[in-house]
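Presented below is the structure to which this report refers.
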Amino acid sequence: MVEIAETLGFSRRPVIDALKRLEVEQFVEIVPQTGVFVKRYTEEEILDHFTAVMALEGLAACLAAERGQPEQLDALKAANRELEEVVSRPFKKEEYFSCNRRFHYVILRMAQSKKLMSLLPAQWNLNDFFLTNISFFEQDFKRTIGEHERIIEAIAHRDRDLARFRMEEHFQTFIQMVKQSLSIRR
């Protein structure tokens, strides 16, 4: 930690605080008297993570259907149109993930849940961490856009159960692709 602080020109306290935050967010592991290491995850832990995020996202969609406002629905539709434009151009992974995250963030805001707002963004960061450490998988982007449209429709109809189901169905598709990518990695 001393080396990092000196290299960056900071005192040790902000470096220690930053590393502790990374540990809390499960990116690194701090081993006393030894060092700081990027946390390694098993395939099962990665899939468990995405399954837990699926449940949280399903709840967010359910609450969005109940609590969302009409102008937020317009923002959700706009986010999906933007994603559709992104996938119509030559593929840029960062652009796609950023746009997709925006879509899910609108749903999170619609849910109006402080608890979910405190949980999901950190989980999305861990999603990105996992996805950058596994080879990118083939994805049918038109299918993703269609899944998003079905989620939007369920939210628009204020159908809590269907919104949750559609979101979890969307994540199941994603989890299957991650599983395939992990099995190819072996």
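Assorted remarks:
- Cα shape, the stretch 46-113, gyration tensor, a/c 1.5 rule: oblate
- Against the main long axis of the alpha-carbon atoms of the chain, helix 141-156 sits at an angle near 70°.
- Point-charge dipole on Cβ atoms (K/R +1, D/E -1) for the chain, about Cα centre, debye to 20: 220 debye
- Prolate/oblate/rounded label for the stretch 53-160 (Cα gyration tensor, a/c 1.5): oblate
- Packing around the peptides 93-105, 6-18, taken as the average count of other Cβ atoms within 10 Å per residue, puts them in this order, highest first: 93-105, 6-18.
- Per-residue ellipticity at 222 nm, computed for the chain from helices alone with -39500 (n - 2.57) per DSSP H run of at least four residues, works out to -26000 deg cm²/dmol.
- Angle between the chain longest axis and helix 43-67 axis [Cα atoms, degrees, rounded to 10]: 40 degrees
- (i) 33, 20, 16; (ii) 25, 22, 15; (iii) 52, 16, 14, with the label sought being that of the calculated semi-axes √(5λ) of the Cα gyration tensor in Å: (i)
- Other residues within the sphere of radius under 13 Å centred on the Cβ of GLN112, judged by their own Cβ, net out at +3 (K and R +1, D and E -1).
- Counting lysine pairs in the chain that sit 8 or more residues apart in sequence, or on different chains, and whose Cα atoms lie under 27 Å apart gives 17.
Laboratory data are not the source of any read-out in this text; all were calculated from the coordinates shown. Quick caveat: nothing in here was measured; it's all calculated off a predicted structure. Cβ: placed from backbone, ideal geometry, glycine included. Neighbour counts: every protein chain shown.
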